[in-house]
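Okay, structure first, notes after.
Rule-based calculations on the coordinates, nothing more; no lab input. Quantities reported herein were computed from a predicted structural model and do not represent experimental measurements. Using ideal geometry, Cβ is built from the backbone for each residue, glycine included, and neighbour counts are taken over all protein chains shown.
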Amino acid sequence: MTVDFAIFAIVFVVALGSSMAMLFAKNAVHVALFLVAAQVALALAFLLQGAFFIAAIQIIVYAGAIMVLFLFVIMLLGVDRRDALVEPLAGQRALAVGLGLLLAAEIVYVAARGVDLVAATGGDRALGAINEDPGNVVALARLLFSRYLLPFEVTGVTLVVAIVGVMVLAKRIGRMGTSVAERTEPREEVPV
Amino acid sequence: MTSVAPGYFLALAGLMFTVGAVGVLVRRNAIVIFMFVELMLNAVNLMFVTFARMHGNIDGQVVVFFVLVVAAAEVVIGLAIIVAIFRRRADANVDTANLLKW
């Protein structure tokens, strides 16, 4: 119990601490690196709760592929850009932080009410049995290719649509070096 | 499996979601806003995994799988849009993209 709780405490501190650090990091690269730290901590939280396959996918797809894509685009657009500090709407930031604190207070209250309630369910034993007998990956695959077969197919279509969309958006067409998005309207002057 | 009650994981997920929502509202750089959206998606994934554990089945983990795929597609399209905007105005600040503003 105490060892389990100590591990959870580490996960909690790393995950929440690096997400808070994302808020205050000025450099976009630092934000991305803090996000990677939070995602690795979350992978550990998945692991703790018996979601072995999801934990591995979290590291490979999220912390690996998606964050590399983010860092690539940050490098492409220039690393040294600072976030603008002007507020277009007066008091918008203060209001956002206030509402965020309110939401956090609500969540902590609800979770504190629910801790005893949800601890009583026998879900741990049932999930442990599933992870033991067919195994986590086998059980996931059986579910994915039987009950969730149609959503799985839709997932494939979604990825194809995304690939085609990115090619249309990003490809430079013609000798002028303009993309489709640029050719539809006259090019605007870059604001200084 | 851990003996820590699921409620603690739900609290962690909720707090991370809150940080993500505040970040989307506060930050101005389009890429940084995108990363906070990813943080919110991750927090919700933790909730799904926790609910799967509470119910003693792995349907929640299948949902996390779908969320991952949708997030990957969304990131790819979103970053392409940001790059397209950047090509036009050499700026990733969301406030400068106000052409459709009334």
Item to check | Point-charge dipole on Cβ atoms (K/R +1, D/E -1) for the stretch B:6-92, about Cα centre, debye to 20 | outcome: 360 debye
Item to check | Among B:13, B:90, B:80 the positive-end extreme of the charge dipole of the stretch B:6-92 (Cβ point charges) | outcome: B:90
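Over all directions, what mean area does the Cα convex hull of the protein assembly as shown project, stated in square nanometres?
17.4 nm²
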Item to check | For the stretch A:122-135, 3J(HN,Hα) per residue [Karplus equation, 6.51 cos²θ - 1.76 cosθ + 1.60, θ = phi - 60°, Hz, x = Gly/Pro] | outcome: x, x, 4, 5, 5, 5, x, 5, 5, 5, 7, 7, x, x
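For the protein assembly as shown, with only Lys/Arg (+1) and Asp/Glu (-1) charged at the beta-carbon, what is the dipole magnitude about the Cα centre, in debye rounded to 20?
Working: 20 positive and 19 negative charges, 164 e Å.
So the magnitude is around 780 debye.
Within 10 Å of each candidate Cβ there may be at most 14 other Cβ atoms; applying that plus a DSSP loop requirement, which trypsin sites (Lys or Arg not before Pro) in the stretch B:8-102 survive? Before the final figure, lay out the partial values.
On the way: sites: B:27, B:28, B:53, B:87, B:88, B:89, B:101; in loops: B:27, B:28, B:101.
Passing both the DSSP loop test and the Cβ count: B:101.
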Next on the checklist: Rounded to the nearest angstrom and ordered from largest down, what semi-axes does the equivalent ellipsoid of the stretch B:6-92 get from its C-alpha gyration tensor (root of 5λ)?
Outcome noted: 30, 16, 4
Item to check | Burial ranking of peptide ranges A:58-65, A:160-167, A:139-146, B:10-17 (average Cβ count within 10 Å, highest at the top) | outcome: B:10-17, A:58-65, A:139-146, A:160-167
